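Structure first, commentary second.
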Amino acid sequence: MFYETNVNNHGLEHDPFKALVAPRPVGWVSTLSKNNEVNLAPYSYFNAVSDAPPMVMISSNQRKDTLTNIEETGEFVCSLATYRLRDAMNMSSAVVDKSISEFDLATLASADSQLVAPPRVADSPAALECKLWKVLPIPKGLSDDRASKHNLILGFVVGVYINDEYLSGGLFDSAKAGLIARMGYMDYCHVTPENTFSLNRPKVTEDGRSASLTPGPWDGKYR
Ligand SMILES: Cc1cc2nc3c(=O)[nH]c(=O)nc-3n(C[C@H](O)[C@H](O)[C@H](O)COP(=O)(O)O)c2cc1C
């Protein structure tokens, strides 16, 4: 099949787009309003966009408390979502009154961040403390006259918390942490030791004309 996105003539019951660009990591974003109300919500339009400087992006599909709070305070924290915390993560997506903290709604403990004011999810294995760089409004599509309601939030990661329990041999153990990621529809996947594998990057010969692959676990070299 093939469909044109401006016509959306896929003929399927549900738009497949988000199921195709998957799995997407879940940024579990905590913020404070200008009145110091705590907010927490999961965002799967979330990813790292640079590691020098470390930067992340979140996309909000309409005006939401997270976007407003980040614009007002310039700060946010992205805790990692895990299988063990999946129900709390899901509960924190409920659209409740701004005065209600999703930490309380999902009975989650918070912990102080070090470089920014919003707290992190205490039981999450890692959290990125971020400062806003820019909010970019997503433009309307190429053949579409309707304005987009999406906004792209780009932030610098100024501090990184890692629970030492999830460091094995100096590496962050995503499988031990049990990270989850969003697929299409209401589906998720779960990182486990059984479903992870390593690939060594190709070794290119000196003349640059051929390359070979080294099978087995990572040899510890970035190429
Ligand atoms: C796993 C998951 C991923 C989500 N990803 C996004 C996203 O990328 N962008 C978005 O606008 N909403 C996303 N949502 C919905 C928001 O979490 C939801 O609208 C939430 O109420 C927003 O809260 P806020 O108004 O406090 O920011 C997601 C929900 C779930 C459960």
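Quick rundown of the values:
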item	result
The stretch 22-36, residues that are in a loop (DSSP other than H, G, I, E, B) and touching a helix residue (DSSP H, G or I) at 6+ places or on another chain (Cβ under 8 Å)	Val26, Ser33, Lys34
Those residues of the stretch 54-71 which are of a type in the set (A, V, I, L, M, F, W, C), more than 8 Å from the ligand (Cβ to nearest atom) and part of a helix (DSSP H, G or I), in sequence order	Ile70
Candidates Val116, Val95, Val77 - the one that is modelled with pLDDT of 95 or more, over 15 Å from the mean Cα position of the chain (by Cα), closer than 27 Å to Tyr185 by Cα and of a type in the set (Val, Ile, Thr)	Val95
Total residues in the stretch 159-180, condition among the aliphatic types (A, V, I, L, M), surrounded by fewer than 17 Cβ atoms within 10 Å (Cβ to Cβ) and touching a residue at least 24 places away in the same chain (Cβ under 8 Å)	2
Qualifying position, being in contact with a His (Cβ under 8 Å, 6 or more places away or on another chain) and under 23 Å from Ile180 (Cβ atoms), among Tyr43, Tyr3, Tyr83	Tyr83
Flag for Asn200 being in contact with a Pro (Cβ under 7 Å, 6 or more places away or on another chain) and either farther than 22 Å from Val49 by Cα or of a type in the set (D, E, K, R) (or both)	no
Single match in Ala41, Ala19 (criterion: under 21 Å from Tyr185 (Cβ atoms), modelled with pLDDT of 95 or more and part of a helix (DSSP H, G or I))	Ala19
Whichever residue in the stretch 167-185 is aliphatic (A, V, I, L, M) and in contact with a helix residue (DSSP H, G or I) (Cβ under 8 Å, 6 or more places away or on another chain) and, among such residues, is farthest from the ligand (Cβ to nearest atom)	Ala175
Residues within the stretch 72-96 that are more than 12 Å from the ligand (Cβ to nearest atom) and either surrounded by fewer than 16 Cβ atoms within 10 Å (Cβ to Cβ) or not in a helix (DSSP H, G or I) (or both), tallied	9
Number of the exception - Ser50 against (1) more than 22 Å from Asn90 (Cβ to Cβ); (2) within 12 Å of the chain's Cα centre (by Cα)	(2)
Top-ranked residue in the stretch 122-153 [being within 14 Å of the ligand (Cβ to nearest atom) and among the aliphatic types (A, V, I, L, M); ranked as nearest to Val7 (Cα to Cα)]	Ile138
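The values are calculated or read from the model by the stated rules, or taken from the named source; none is laboratory data. The model shown is predicted, which means the values in this text are computed figures rather than measured ones. Note: ideal-geometry Cβ built from the backbone for every residue, glycine included; neighbour counts use all protein chains shown.
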